[in-house]
Amino acid sequence: MVNEQVLDERLAVLEAARPWSPRVIAKLEGHIRTADDEALFRINPLTFAKDKVLAEDEVIDLLLHATVCRLFRMDWLLLCPKCSCVVESFSSLQGVHNRYHCQLCQSDFEAVLDDFIAVTFTVSPDLREIAFHHPEQLSAADRFFKVGGTRDGRLPDGTPFVEVQRSVTRAVIDLPPGQSSWLEADASEGTVVGLTLEGRAAVLYPIEGPPAAEPQHFEVVFGEKVRKHTARKAAPGRLSLHIRNITSELGTFILAVLPPGMEVGPCPDPLCAIPYGQAAAHHPDFSRPVPLRGDPRERRDRRSRHHPFVYGSEGLDCSLREDR
Ligand SMILES: [Zn+2]
(Lines give C-alpha, C1' and ligand atoms only; values in the text may rest on other atoms or scores of the structure.)
Protein backbone atom coordinates (compact mmCIF):
# COMPACT_ATOMS: atom_id res chain seq x y z
CA MET A 1 0.00 0.00 0.00
CA VAL A 2 1.46 3.31 -1.11
CA ASN A 3 1.12 6.38 1.10
CA GLU A 4 -0.25 8.75 -1.55
CA GLN A 5 0.46 11.94 0.32
CA VAL A 6 4.07 11.01 1.01
CA LEU A 7 4.53 9.91 -2.60
CA ASP A 8 3.09 13.17 -3.98
CA GLU A 9 5.20 15.37 -1.73
CA ARG A 10 8.48 13.57 -2.32
CA LEU A 11 7.99 13.07 -6.05
CA ALA A 12 7.35 16.82 -6.38
CA VAL A 13 10.72 17.50 -4.76
CA LEU A 14 12.41 14.91 -6.97
CA GLU A 15 10.87 16.36 -10.12
CA ALA A 16 12.19 19.80 -9.25
CA ALA A 17 15.68 18.58 -8.38
CA ARG A 18 16.91 18.78 -11.98
CA PRO A 19 15.58 18.39 -15.51
CA TRP A 20 14.82 14.71 -16.20
CA SER A 21 14.38 12.94 -19.49
CA PRO A 22 10.77 12.28 -20.52
CA ARG A 23 9.15 9.34 -18.69
CA VAL A 24 11.93 8.88 -16.14
CA ILE A 25 9.87 10.06 -13.16
CA ALA A 26 6.76 8.31 -14.48
CA LYS A 27 8.64 5.01 -14.72
CA LEU A 28 9.95 5.37 -11.17
CA GLU A 29 6.48 6.24 -9.88
CA GLY A 30 4.97 3.28 -11.71
CA HIS A 31 7.60 1.01 -10.17
CA ILE A 32 6.91 2.28 -6.65
CA ARG A 33 3.19 1.72 -7.15
CA THR A 34 3.08 -1.63 -8.91
CA ALA A 35 6.33 -3.57 -8.47
CA ASP A 36 6.30 -6.54 -6.12
CA ASP A 37 8.07 -6.28 -2.77
CA GLU A 38 11.27 -7.95 -3.95
CA ALA A 39 11.62 -5.50 -6.84
CA LEU A 40 11.62 -2.60 -4.37
CA PHE A 41 14.28 -4.17 -2.16
CA ARG A 42 17.95 -3.41 -2.85
CA ILE A 43 17.45 -2.08 -6.36
CA ASN A 44 20.61 -2.30 -8.43
CA PRO A 45 20.63 0.91 -10.54
CA LEU A 46 22.16 -0.83 -13.53
CA THR A 47 19.57 -3.60 -13.53
CA PHE A 48 16.82 -1.02 -13.09
CA ALA A 49 18.13 1.02 -16.01
CA LYS A 50 18.19 -2.05 -18.22
CA ASP A 51 14.73 -3.23 -17.20
CA LYS A 52 13.15 0.21 -17.71
CA VAL A 53 15.14 1.06 -20.85
CA LEU A 54 16.72 4.14 -19.27
CA ALA A 55 20.24 5.57 -19.36
CA GLU A 56 22.47 4.18 -16.58
CA ASP A 57 23.91 7.56 -15.58
CA GLU A 58 20.48 9.11 -15.27
CA VAL A 59 19.14 6.21 -13.21
CA ILE A 60 22.08 6.46 -10.79
CA ASP A 61 21.38 10.18 -10.48
CA LEU A 62 17.66 9.52 -10.13
CA LEU A 63 18.09 7.05 -7.27
CA LEU A 64 20.62 9.25 -5.49
CA HIS A 65 18.22 12.20 -5.64
CA ALA A 66 15.34 9.90 -4.68
CA THR A 67 17.34 8.94 -1.58
CA VAL A 68 17.81 12.57 -0.63
CA CYS A 69 14.04 13.01 -1.09
CA ARG A 70 13.49 9.98 1.17
CA LEU A 71 11.66 7.96 -1.45
CA PHE A 72 14.41 5.36 -1.01
CA ARG A 73 17.10 4.37 1.45
CA MET A 74 20.57 3.52 0.34
CA ASP A 75 22.30 0.30 1.41
CA TRP A 76 25.95 -0.52 0.94
CA LEU A 77 26.37 -4.26 0.54
CA LEU A 78 29.65 -5.95 1.25
CA LEU A 79 29.61 -9.00 -1.00
CA CYS A 80 31.70 -12.14 -0.82
CA PRO A 81 33.92 -12.38 -3.90
CA LYS A 82 33.74 -16.16 -3.71
CA CYS A 83 30.09 -17.04 -3.19
CA SER A 84 28.51 -13.60 -3.84
CA CYS A 85 26.51 -13.69 -0.63
CA VAL A 86 25.85 -10.49 1.31
CA VAL A 87 28.46 -10.56 4.08
CA GLU A 88 27.13 -7.37 5.66
CA SER A 89 24.97 -4.40 4.77
CA PHE A 90 25.51 -0.85 5.93
CA SER A 91 23.57 2.40 5.82
CA SER A 92 26.77 4.23 4.95
CA LEU A 93 30.26 3.31 3.91
CA GLN A 94 31.64 4.45 7.25
CA GLY A 95 30.54 1.13 8.71
CA VAL A 96 32.69 -0.97 6.39
CA HIS A 97 35.66 -2.79 7.87
CA ASN A 98 38.95 -3.35 6.12
CA ARG A 99 38.89 -7.08 6.67
CA TYR A 100 35.91 -9.35 6.62
CA HIS A 101 34.92 -12.97 6.92
CA CYS A 102 32.28 -14.77 4.85
CA GLN A 103 30.09 -16.94 7.09
CA LEU A 104 29.09 -19.25 4.26
CA CYS A 105 32.32 -20.15 2.48
CA GLN A 106 34.33 -19.42 5.66
CA SER A 107 36.90 -17.30 3.84
CA ASP A 108 38.71 -14.14 4.93
CA PHE A 109 39.07 -11.16 2.64
CA GLU A 110 40.39 -7.63 2.50
CA ALA A 111 37.72 -5.20 1.40
CA VAL A 112 38.55 -4.08 -2.11
CA LEU A 113 35.98 -1.35 -2.38
CA ASP A 114 35.58 -0.99 -6.09
CA ASP A 115 35.13 -4.70 -6.60
CA PHE A 116 33.09 -5.99 -3.72
CA ILE A 117 30.85 -3.26 -2.45
CA ALA A 118 27.54 -2.70 -4.16
CA VAL A 119 25.25 0.26 -3.65
CA THR A 120 21.54 -0.51 -3.70
CA PHE A 121 18.28 1.31 -3.00
CA THR A 122 15.24 0.15 -1.02
CA VAL A 123 11.87 1.90 -0.90
CA SER A 124 11.28 3.91 2.30
CA PRO A 125 8.97 2.16 4.78
CA ASP A 126 6.81 5.25 5.33
CA LEU A 127 6.21 5.47 1.57
CA ARG A 128 5.47 1.80 0.94
CA GLU A 129 5.97 -0.95 3.45
CA ILE A 130 7.39 -4.18 2.01
CA ALA A 131 8.02 -7.58 3.56
CA PHE A 132 11.78 -7.00 3.36
CA HIS A 133 11.57 -4.18 5.88
CA HIS A 134 10.88 -6.97 8.41
CA PRO A 135 13.37 -9.75 7.63
CA GLU A 136 12.54 -11.51 10.89
CA GLN A 137 9.04 -12.16 9.51
CA LEU A 138 10.23 -13.64 6.20
CA SER A 139 10.40 -17.37 5.50
CA ALA A 140 13.78 -18.96 6.23
CA ALA A 141 14.33 -19.46 2.48
CA ASP A 142 13.60 -15.81 1.65
CA ARG A 143 15.84 -14.65 4.46
CA PHE A 144 18.64 -16.89 3.26
CA PHE A 145 18.49 -16.32 -0.49
CA LYS A 146 16.92 -12.86 -0.83
CA VAL A 147 18.37 -11.02 2.18
CA GLY A 148 21.55 -13.07 2.66
CA GLY A 149 22.12 -13.33 -1.09
CA THR A 150 21.97 -11.16 -4.16
CA ARG A 151 20.87 -11.74 -7.74
CA ASP A 152 23.77 -9.55 -8.84
CA GLY A 153 26.26 -12.42 -8.63
CA ARG A 154 25.95 -13.93 -12.08
CA LEU A 155 27.36 -16.71 -14.17
CA PRO A 156 28.79 -15.72 -17.55
CA ASP A 157 25.48 -16.70 -19.18
CA GLY A 158 23.63 -14.28 -16.90
CA THR A 159 22.15 -16.85 -14.50
CA PRO A 160 22.14 -15.46 -10.95
CA PHE A 161 24.54 -17.60 -8.90
CA VAL A 162 21.96 -17.70 -6.13
CA GLU A 163 19.83 -19.88 -8.45
CA VAL A 164 22.66 -22.42 -8.60
CA GLN A 165 22.78 -22.36 -4.81
CA ARG A 166 19.02 -22.92 -4.66
CA SER A 167 19.24 -25.84 -7.06
CA VAL A 168 21.53 -27.83 -4.74
CA THR A 169 19.61 -26.92 -1.58
CA ARG A 170 17.57 -29.63 0.14
CA ALA A 171 16.13 -27.58 3.01
CA VAL A 172 16.22 -24.15 4.65
CA ILE A 173 14.79 -23.94 8.14
CA ASP A 174 14.41 -21.56 11.05
CA LEU A 175 16.29 -22.47 14.21
CA PRO A 176 14.17 -21.04 17.04
CA PRO A 177 16.16 -19.84 20.08
CA GLY A 178 16.97 -22.59 22.56
CA GLN A 179 15.32 -25.32 20.47
CA SER A 180 16.36 -28.41 18.52
CA SER A 181 15.55 -29.14 14.90
CA TRP A 182 16.00 -32.25 12.78
CA LEU A 183 16.80 -32.54 9.09
CA GLU A 184 17.18 -35.65 6.97
CA ALA A 185 18.63 -36.06 3.51
CA ASP A 186 19.59 -38.86 1.16
CA ALA A 187 22.95 -38.45 -0.54
CA SER A 188 24.69 -40.95 -2.77
CA GLU A 189 27.67 -38.80 -3.78
CA GLY A 190 29.14 -35.32 -3.58
CA THR A 191 29.34 -33.24 -0.40
CA VAL A 192 26.71 -32.50 2.22
CA VAL A 193 26.94 -28.91 3.45
CA GLY A 194 25.18 -27.32 6.41
CA LEU A 195 25.48 -23.56 6.86
CA THR A 196 23.93 -20.71 8.79
CA LEU A 197 23.55 -17.09 7.79
CA GLU A 198 24.70 -16.11 11.24
CA GLY A 199 27.96 -18.07 11.02
CA ARG A 200 27.20 -20.10 14.15
CA ALA A 201 27.50 -23.53 12.49
CA ALA A 202 29.22 -24.73 9.34
CA VAL A 203 29.58 -28.43 8.48
CA LEU A 204 30.97 -30.26 5.50
CA TYR A 205 30.50 -34.01 5.00
CA PRO A 206 32.16 -35.51 1.90
CA ILE A 207 30.29 -38.67 0.83
CA GLU A 208 32.77 -41.52 0.47
CA GLY A 209 33.08 -45.29 0.70
CA PRO A 210 30.49 -48.08 0.60
CA PRO A 211 26.82 -47.29 1.34
CA ALA A 212 25.69 -47.17 4.97
CA ALA A 213 23.12 -49.73 6.09
CA GLU A 214 21.57 -47.43 8.73
CA PRO A 215 20.81 -43.69 8.81
CA GLN A 216 23.91 -41.75 9.91
CA HIS A 217 23.44 -39.39 12.78
CA PHE A 218 25.17 -36.00 13.06
CA GLU A 219 25.02 -33.53 15.92
CA VAL A 220 25.28 -29.86 14.96
CA VAL A 221 25.46 -27.04 17.50
CA PHE A 222 24.36 -23.51 16.61
CA GLY A 223 26.34 -21.57 19.19
CA GLU A 224 29.59 -19.60 19.15
CA LYS A 225 30.66 -18.11 15.82
CA VAL A 226 32.81 -20.51 13.81
CA ARG A 227 35.71 -19.64 11.49
CA LYS A 228 35.87 -22.86 9.48
CA HIS A 229 33.75 -25.78 8.41
CA THR A 230 33.64 -28.82 10.66
CA ALA A 231 34.47 -31.73 8.37
CA ARG A 232 33.46 -35.35 8.88
CA LYS A 233 33.22 -38.17 6.39
CA ALA A 234 29.85 -39.70 5.59
CA ALA A 235 28.87 -42.79 3.64
CA PRO A 236 26.31 -42.85 0.82
CA GLY A 237 22.81 -43.23 2.26
CA ARG A 238 20.51 -41.40 4.65
CA LEU A 239 21.87 -38.61 6.85
CA SER A 240 20.06 -37.35 9.91
CA LEU A 241 21.13 -34.02 11.38
CA HIS A 242 20.14 -32.93 14.88
CA ILE A 243 20.71 -29.17 15.11
CA ARG A 244 20.62 -27.53 18.53
CA ASN A 245 20.33 -23.78 18.83
CA ILE A 246 21.90 -23.02 22.20
CA THR A 247 21.69 -19.24 21.71
CA SER A 248 18.84 -16.84 22.44
CA GLU A 249 18.62 -15.69 18.81
CA LEU A 250 16.75 -17.00 15.79
CA GLY A 251 19.00 -18.81 13.31
CA THR A 252 18.62 -19.82 9.66
CA PHE A 253 20.08 -23.18 8.62
CA ILE A 254 20.54 -24.45 5.09
CA LEU A 255 21.26 -28.03 4.07
CA ALA A 256 22.64 -28.62 0.58
CA VAL A 257 24.14 -31.54 -1.29
CA LEU A 258 26.78 -30.42 -3.76
CA PRO A 259 27.31 -32.65 -6.78
CA PRO A 260 30.79 -34.20 -7.26
CA GLY A 261 33.31 -31.57 -8.33
CA MET A 262 31.37 -28.61 -6.91
CA GLU A 263 33.02 -26.78 -4.02
CA VAL A 264 31.50 -24.55 -1.37
CA GLY A 265 31.57 -21.04 -2.63
CA PRO A 266 33.17 -20.20 -5.89
CA CYS A 267 30.91 -18.40 -8.26
CA PRO A 268 32.56 -19.19 -11.62
CA ASP A 269 32.76 -15.52 -12.52
CA PRO A 270 32.56 -13.68 -9.21
CA LEU A 271 33.42 -10.26 -10.58
CA CYS A 272 30.12 -10.28 -12.40
CA ALA A 273 28.70 -9.77 -8.94
CA ILE A 274 29.54 -6.09 -8.76
CA PRO A 275 28.93 -4.21 -11.92
CA TYR A 276 28.27 -1.16 -9.85
CA GLY A 277 31.82 -0.18 -9.06
CA GLN A 278 32.62 0.67 -12.63
CA ALA A 279 29.53 2.83 -13.03
CA ALA A 280 30.12 4.66 -9.78
CA ALA A 281 33.67 5.39 -10.87
CA HIS A 282 32.38 7.67 -13.58
CA HIS A 283 29.74 9.39 -11.57
CA PRO A 284 30.48 12.78 -10.00
CA ASP A 285 28.13 12.24 -7.06
CA PHE A 286 30.42 9.49 -5.85
CA SER A 287 33.59 11.52 -5.81
CA ARG A 288 33.66 12.72 -2.20
CA PRO A 289 35.77 10.45 0.00
CA VAL A 290 34.15 8.87 3.02
CA PRO A 291 36.67 7.82 5.68
CA LEU A 292 37.04 4.16 6.46
CA ARG A 293 37.84 2.87 9.89
CA GLY A 294 41.42 2.18 10.85
CA ASP A 295 44.74 3.94 10.57
CA PRO A 296 44.53 7.14 8.46
CA ARG A 297 47.84 6.42 6.69
CA GLU A 298 46.65 2.96 5.79
CA ARG A 299 43.42 4.44 4.50
CA ARG A 300 45.35 6.80 2.24
CA ASP A 301 47.50 3.95 1.03
CA ARG A 302 44.50 1.81 0.33
CA ARG A 303 42.80 4.54 -1.64
CA SER A 304 45.82 5.19 -3.79
CA ARG A 305 46.44 1.48 -4.29
CA HIS A 306 42.98 0.91 -5.62
CA HIS A 307 40.90 3.36 -7.56
CA PRO A 308 40.89 7.14 -7.36
CA PHE A 309 37.29 7.23 -6.22
CA VAL A 310 35.70 6.33 -2.94
CA TYR A 311 31.95 6.06 -2.78
CA GLY A 312 29.79 8.49 -0.90
CA SER A 313 28.40 11.96 -0.99
CA GLU A 314 28.11 14.40 1.85
CA GLY A 315 24.55 15.36 1.00
CA LEU A 316 23.35 11.79 1.05
CA ASP A 317 25.09 10.97 4.30
CA CYS A 318 23.48 13.99 5.95
CA SER A 319 20.07 13.03 4.72
CA LEU A 320 20.50 9.49 5.94
CA ARG A 321 21.64 10.61 9.36
CA GLU A 322 18.57 12.84 9.68
CA ASP A 323 16.43 9.96 8.64
CA ARG A 324 17.61 7.64 11.37
ZN1 LIG B 1 31.41 -16.52 0.67
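What to note about this one:
- Flag for LYS233 being of a type in the set (D, E, K, R) and surrounded by fewer than 18 Cβ atoms within 10 Å (Cβ to Cβ): yes
- Among the residues examined, SER181 qualifies as polar (S, T, N, Q), crowded, with 16+ Cβ neighbours inside 10 Å and outside the structural domain of CYS85 (by TED's automatic domain parsing).
- The range 107-122, subset at pLDDT 80 or above and out of contact with any Phe, Trp or Tyr (no Cβ under 6 Å at 6 or more places or on another chain), residue farthest from the ligand (Cβ to nearest atom): THR120
- Selection status of LEU104, part of a loop (DSSP other than H, G, I, E, B), within 16 Å of the ligand (Cβ to nearest atom) and in contact (Cβ under 8 Å) with a residue 60 or more places away in the chain: yes
- Odd one out for CYS83 among (1) modelled with pLDDT of 90 or more; (2) hydrophobic (A, V, I, L, M, F, W, C); (3) within 16 Å of the ligand (Cβ to nearest atom): (1)
- Among the residues of the range 145-159, those that are farther than 15 Å from VAL87 by Cβ and assigned to a loop (DSSP other than H, G, I, E, B) comprise ARG151, LEU155, PRO156, ASP157, GLY158, THR159.
- Scanning the range 58-77 turns up at least one residue that is within 16 Å of the ligand (Cβ to nearest atom) and modelled with pLDDT under 90.
- Filter result for THR159 (closer than 24 Å to GLU88 by Cα, hydroxyl-bearing (Ser, Thr, Tyr), under 27 Å from the mean Cα position of the chain (by Cα) and surrounded by fewer than 16 Cβ atoms within 10 Å (Cβ to Cβ)): yes
- Of all residues making up the range 35-72, the number that are in a loop (DSSP other than H, G, I, E, B), without any contact (Cβ under 8 Å) to a residue 12 or more places away in the chain and not acidic (Asp, Glu): 2
The values are calculated or read from the model by the stated rules, or taken from the named source; none is laboratory data. Computed from a predicted model, the values in this text were never measured in an experiment. As a convention, Cβ positions derive from the backbone with ideal geometry for all residues, glycine included, and neighbour counts pool all protein chains shown.
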